[in-house]
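Peer 1: Handing you this structure, nothing more for now.
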Amino acid sequence: MDTFLIFVFVFGIFAWCIWKLLNYTKNTIGKNSPLKVVRVYQIQEWQYFLKFENLFIYYLLGAGLLITKASFSIYTSEFNLFLTRLLIFSLGSVMLFACAFYLILDTNHWKYVRNIRLETDPVTHELDLHFPDHTLTIRDGDIEKVVVASNEAKLRFSYMTYFLKNGEQFILSDRMPGIEVIHEYFKKIPIEYHKERFPYIK
């Protein structure tokens, strides 16, 4: 029975990964490609804040709080007590700092994802961006340039500022679903890259 459960667990994960890969291929370059069919991209609040990396951060936040609290109550020999507590407190503080860094930026970027809907039109080769207060139709040649600001770290955050030829501009977080479609539709857009240690969207 134990062998069977291990078999199901291992091959279940493998089958799930293969299914996700095939589904991703179908939705990007396959029959459901945004260049071939109408696609709508939008994300709900629960999907945004309960994605896998967020769940990991919430776990680290709880662990960091417990470790920091433990640093004040742990007991050891008098000689090592202060050093031990300092090391444990430092570990917990680093974890809490990393979580705070992530959650502040994640909440900030949500403002540039919330209630935004991206729709593709492969027939006219246009994109409709529905913002809470207006709708913007983008055609080939409308975007003058894109400025990408990123922290270029493993805990990656970035946002794109799109400058239109009519003088308008708009900002999207890289956490916006389907943002890569804009660059698939309009491949010749000039792109500038800037590194920001703390890519907070103002």
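The values are calculated or read from the model by the stated rules, or taken from the named source; none is laboratory data. What you see is a predicted model; the values in this text were computed from it and never measured. Positions of Cβ are generated from backbone atoms using ideal geometry, with glycine treated the same way; all protein chains shown enter the neighbour counts. All accessible areas refer to the heavy atoms of the entire protein, side chains included, with ligands and DNA or RNA removed. Shrake-Rupley method; radii C 1.70, N 1.55, O 1.52, S 1.80 Å.
Peer 1: In whole Å, what are the extents of region 72-202 along the principal axes defined by its C-alpha atoms, from largest to smallest?
Peer 2: 75, 27, 24
Peer 1: Moving on to the next point. Can you list the HN-Hα couplings for region 112-118, worked out from phi with the Karplus curve (6.51, -1.76, 1.60; θ = phi - 60°), rounded to whole Hz and with x for Gly and Pro?
Peer 2: Values, residue by residue: 9, 10, 4, 6, 10, 10, 10 Hz.
Peer 1: If you don't mind, there's one more thing I want to ask. I'd like the Karplus ³J(HN,Hα) series for region 35-44: coefficients 6.51, -1.76, 1.60, θ = phi - 60°, whole numbers in Hz, and an x wherever there's a Gly or Pro.
Peer 2: Rounded to whole hertz, the list is 7, 10, 10, 5, 10, 10, 10, 7, 10, 8.
Peer 1: Going by average Cβ neighbours within 10 Å, how do the peptides 169-180, 45-56 rank, with the highest at the top?
Peer 2: By packing density, highest mean first, the sequence is 169-180, 45-56.
Peer 1: Leaving out ligands and nucleic acids, and using a 1.4 Å probe, what accessible area per residue does region 84-197 come to in Å²?
Peer 2: 54
Peer 1: Can you return the lysines within cross-link range of residue 36? Criterion is Cα-Cα under 26 Å, with same-chain partners fewer than 8 residues away left out.
Peer 2: Qualifying lysines at Cα under 26 Å: 20, 26, 145, 187, 188.
Peer 1: Quick check: net charge around residue 130, other residues with Cβ under 15 Å of its Cβ, Lys/Arg +1 and Asp/Glu -1?
Peer 2: Details: positive: 39, 114, 117; negative: 119, 121, 126, 128, 133.
After counting each charged neighbour, the total is -2.
Peer 1: Right, next: Which residues' amide hydrogens lie under 5 Å from the amide hydrogen of residue 126, considering only partners 5 or more residues apart or on another chain, with H built in the peptide plane?
Peer 2: 121
Peer 1: Tabulate in residue order the Karplus-calculated ³J(HN,Hα) for region 98-103, using 6.51 cos²θ - 1.76 cosθ + 1.60 with θ = phi - 60°, rounded to whole Hz; enter x for Gly and Pro.
Peer 2: The phi angles translate into 4, 5, 4, 4, 5, 5 Hz.
Peer 1: Something else about it: Under a no-solvent Debye model with one identical scatterer per Cα of region 43-142, what's log10 I(q)/I(0) at q = 0.10, 0.13, 0.21 Å⁻¹?
Peer 2: So the normalised log intensities are -0.50, -0.66, -1.02.
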